[in-house]
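What follows is a single structure, written as structure tokens, with notes after it.
The values are calculated or read from the model by the stated rules, or taken from the named source; none is laboratory data. If you're wondering where the values come from, they're calculated on a predicted model, not measured in any experiment. A quick note on method: Cβ atoms are made from the backbone with ideal geometry, for glycine too, and the neighbour counts reach across all protein chains shown. Remember, those area values only see protein heavy atoms, side chains included, never the ligands or the DNA or RNA. Shrake-Rupley method; radii C 1.70, N 1.55, O 1.52, S 1.80 Å.
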Amino acid sequence: MVSNEVEAMDVDVPSTNTGNADMQQKPSLKNTNVPWIEKYRPQVFTDIVGNEDTVERLSVFAQHGNAPNLIIAGPPGVGKTTTILCFARILLGPSFRDAVLELNASNERGIDVVRNKIKMFAQKKVNLAPGKHKIIILDEADSMTEGAQQALRRTMEIYSNTTRFALACNNSEKIIEPIQSRCAMIRYGKLTDAQVLAKVLDVCKKENVSYTDDGLEAIVFTAQGDMRQALNNLQSTVNGFNHVNSENVFKVCDEPHPLLVKSMLDTCLKIDICKAYGILKHLWDMGYSPEDIISNIFRVSKNLDIDEYLKLEFIKEIGLTHMGIVNGVNSLLQLNSLIARLCLTAKSAAK
């Protein structure tokens, strides 16, 4: 269980665990050139990690047929597209290839796609069992133009007897309300650290990866609830160094090390602004962008073992600085101002 990423990384674990080979995989997955995010993409609902309640609802729809149009909204890397593919595979069985159209709306998102590809597929005749429908999967549907979405809503109505739509998006607010009202809305949340760690461990055993406990903690810390990011970082580290430890992971991910950031925040709590600035200047000189630095400061601050009120005050100051950086005020002076305000906040709390 990963309850506190930063504190767990303070522990130096000299022993190296090497997972045993467990190659009980499908024949199609034996190609070593396949990225791990595709090689270990779940094929059935029981393999999907996290969001158990929503996955269970979709499993019932898949078994009984006559499913509604769907919108699955949530952050990247939590299994939205994978869930829809599993749903279509179970619902349609051997007719999956003929009865499913998958489009990535970030590339094909204009009104011509709706009028041509989608409409033509909706008109296509496929022999399906009663209660089964063709499925049109629109990935990243929130990037479709408004004109395309307006055209899509009429298509959804006309071909409702034969076709169902499944839309995956990061931000459901960018889907126009007429489409939202025609769909069942399913929301996904970020995966927990424990869920990401369990999957990473499983992949390490199947791939016979050499790893240390602090290396897995680093993978989980950099992923931040994104399974795709976790597996990509794991594979990149293995390909680059053949061994997964925290040092190698942060070299591959090129992020400010959380132990350095934690040391800087601890120094702010001791109201030693000079030493805190020295650590900040060291991170800056290493070439990290202000966005990377402030993002990791926020991640680490959430896990500080301090009074809750003081932690919230820290997070407020970090948030204000982050807003300034996003708006273009991304100088070292901006970050130095944050250090000063954190020290003042700690000083006020100490009185």
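Some notes on this structure:
- First in region 42-58 and at pLDDT below 85, second anywhere and among the hydroxyl-bearing types (Ser, Thr, Tyr), Cβ under 6 Å, 6 or more apart: Phe45/Ser59; Asn51/Tyr188
- When region 183-201 is filtered for residues that are over 14 Å from the mean Cα position of the chain (by Cα) and open to solvent by 50 Å² or more (accessible area, probe 1.4 Å), the ones remaining, listed by number, are Met185, Ala198, Leu201.
- The number of residues in region 271-317 being of a type in the set (Ser, Thr, Tyr), part of a loop (DSSP other than H, G, I, E, B) and over 15 Å from Leu332 (Cβ atoms) comes to 0.
- Verdict on Thr237 being without any contact (Cβ under 8 Å) to a residue 24 or more places away in the chain, of a type in the set (Ser, Thr, Tyr), open to solvent by less than 50 Å² (accessible area, probe 1.4 Å) and touching a helix residue (DSSP H, G or I) at 6+ places or on another chain (Cβ under 8 Å): yes
- Single unsatisfied condition, Ala129 versus (1) within 29 Å of Met227 (Cα to Cα); (2) touching a residue at least 60 places away in the same chain (Cβ under 8 Å); (3) of a type in the set (A, V, I, L, M): (1)
- Filtered residue count, region 321-340, keeping only those that are touching a Ser or Thr at 6+ places or on another chain (Cβ under 8 Å), open to solvent by 30 Å² or more (accessible area, probe 1.4 Å) and under 19 Å from Lys262 (Cβ atoms): 1
- Enumeration of residues in region 53-67 that are touching a strand residue (DSSP E or B) at 6+ places or on another chain (Cβ under 7 Å) and of a type in the set (Ser, Thr, Tyr): Thr54
- Some residue of region 99-121 being touching a residue at least 40 places away in the same chain (Cβ under 8 Å), assigned to a loop (DSSP other than H, G, I, E, B), open to solvent by 10 Å² or more (accessible area, probe 1.4 Å) and over 25 Å from Glu56 (Cβ atoms): no
- Qualifying residue in region 128-143 (condition: open to solvent by 60 Å² or more (accessible area, probe 1.4 Å), over 26 Å from Phe61 (Cα atoms) and more than 18 Å from the chain's Cα centre (by Cα)): no
- Taking region 318-347 as the range and being without any contact (Cβ under 8 Å) to a residue 24 or more places away in the chain, in a helix (DSSP H, G or I) and polar (S, T, N, Q) as the test, only Ser337 passes.
- Leading residue by the ranking (modelled with the lowest pLDDT) among those in region 66-87 that are within 18 Å of Tyr159 (Cα to Cα) and open to solvent by less than 10 Å² (accessible area, probe 1.4 Å): Ala67
- In the set Ile306, Ile318, only one residue is open to solvent by less than 80 Å² (accessible area, probe 1.4 Å) and either in contact with a His (Cβ under 7 Å, 6 or more places away or on another chain) or modelled with pLDDT of 90 or more (or both); that residue is Ile318.
- Whichever residue in region 203-234 is more than 14 Å from the chain's Cα centre (by Cα) and of a type in the set (S, T, N, Q) and, among such residues, is surrounded by the fewest Cβ atoms within 10 Å (Cβ to Cβ): Asn208
- Test: residue in region 209-227 that is among the polar types (S, T, N, Q), under 29 Å from Val55 (Cβ atoms) and in contact (Cβ under 8 Å) with a residue 40 or more places away in the chain: yes
- Among the residues of region 281-300, at least one is under 25 Å from Ala194 (Cα atoms), of a type in the set (Lys, Arg) and open to solvent by 10 Å² or more (accessible area, probe 1.4 Å).
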